[in-house]
Amino acid sequence: MSVAPRSVGRRERNKQDKLDRIVAAASELFAEHGVDEVTTQQIADKADIGTGTLFLYAKTKGELLLLVQNAKYAVALEQGLADAETVPGVLDAVLAIVRPIVVCNRIQIDNGRTYLREMVFGDPEEPRHSAALAIVAQAEEAIAAVLRRDERVTAGDAATLAHIVSAVMFLSLATSVNIALSVEELVQDIRGQIEVLLPR
């Protein structure tokens, strides 16, 4: 006897509908005004829910930003992985992974910097922070795989180098002195730092 798949109940549909409205409202308001200029009340009003309901889905504005941005960073990473597969050189393939993440982060610079701060200093047990850290781990695994194309790089060294590349990228994106840099200037800056790490 086969069991028919259980359809999603009304309660689950309502929860998903509210979450979708929250994400859409926060995404639009953050993109238009920046995360620091938006209140949770504005997000709740735009999503047509109460603030109490909003806090059931995300306890802070930082968690809301993570909720919105995690999906965008995951898409950027997927693009980078696909791009890296077609690039033969190790350094250029690493940068193929890095570039879409840089682009994603620079769409709204203040939001990008706040996202990185929330990711680094937030509670790693909180699901949104955990999801952001998982994206970082996936990026580092992908970078390590590219670095292992060079036979001189051991698996252990590749993992360590990938962690350093990740730190270089995030610090370059977060630091105040780089706010005025274009995507291309940032990528070239990151390239120069990574280049000195690789075997010659």
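How many residues are at pLDDT below 95 and either among the β-branched types (Val, Ile, Thr) or over 15 Å from residue 190 (Cβ atoms) (or both) if we restrict to the stretch 90-119?
11
Is the stretch 126-141 home to any residue that is farther than 19 Å from residue 78 by Cα and among the hydroxyl-bearing types (Ser, Thr, Tyr)?
No, the conditions are met nowhere in the stretch 126-141.
For the stretch 43-69, what are the residues that are closer than 22 Å to residue 117 by Cβ and open to solvent by 80 Å² or more (accessible area, probe 1.4 Å)?
Of everything in the stretch 43-69, those that are closer than 22 Å to residue 117 by Cβ and open to solvent by 80 Å² or more (accessible area, probe 1.4 Å) turn out to be 55, 59.
Among (1) in contact (Cβ under 8 Å) with a residue 60 or more places away in the chain; (2) within 26 Å of residue 185 (Cα to Cα), there is one condition residue 32 misses while meeting the rest; what is its number?
In the conditions (1) in contact (Cβ under 8 Å) with a residue 60 or more places away in the chain; (2) within 26 Å of residue 185 (Cα to Cα), residue 32 misses (1) alone.
Test each condition in (1) surrounded by 14 or more Cβ atoms within 10 Å (Cβ to Cβ); (2) farther than 30 Å from residue 192 by Cα; (3) of a type outside the set (Phe, Trp, Tyr); (4) touching a residue at least 40 places away in the same chain (Cβ under 8 Å) for residue 81 and report the one that comes out false.
Of everything listed in (1) surrounded by 14 or more Cβ atoms within 10 Å (Cβ to Cβ); (2) farther than 30 Å from residue 192 by Cα; (3) of a type outside the set (Phe, Trp, Tyr); (4) touching a residue at least 40 places away in the same chain (Cβ under 8 Å), residue 81 misses just condition (2).
From the list 137, 174, 142, pick out the single residue that is within 16 Å of residue 70 (Cβ to Cβ) and within 20 Å of the chain's Cα centre (by Cα).
When all the criteria are applied, what remains is 137.
Report whether or not residue 74 is closer than 19 Å to residue 20 by Cβ, assigned to a helix (DSSP H, G or I), open to solvent by less than 60 Å² (accessible area, probe 1.4 Å) and touching a helix residue (DSSP H, G or I) at 6+ places or on another chain (Cβ under 7 Å).
So residue 74 passes the test.
Examine the stretch 18-37 for a residue that is touching a Pro at 6+ places or on another chain (Cβ under 7 Å), at negative phi and surrounded by 12 or more Cβ atoms within 10 Å (Cβ to Cβ), and state whether such a residue exists.
For the stretch 18-37, residues touching a Pro at 6+ places or on another chain (Cβ under 7 Å), at negative phi and surrounded by 12 or more Cβ atoms within 10 Å (Cβ to Cβ): absent.
The values are calculated or read from the model by the stated rules, or taken from the named source; none is laboratory data. These figures come from a predicted structure and were not determined experimentally. Please note: Cβ atoms are built from the backbone with ideal geometry, for glycine as well, and neighbour counts cover all protein chains shown. Side chains included, ligands, DNA and RNA excluded: accessible areas come from the protein's heavy atoms. Shrake-Rupley method; radii C 1.70, N 1.55, O 1.52, S 1.80 Å.
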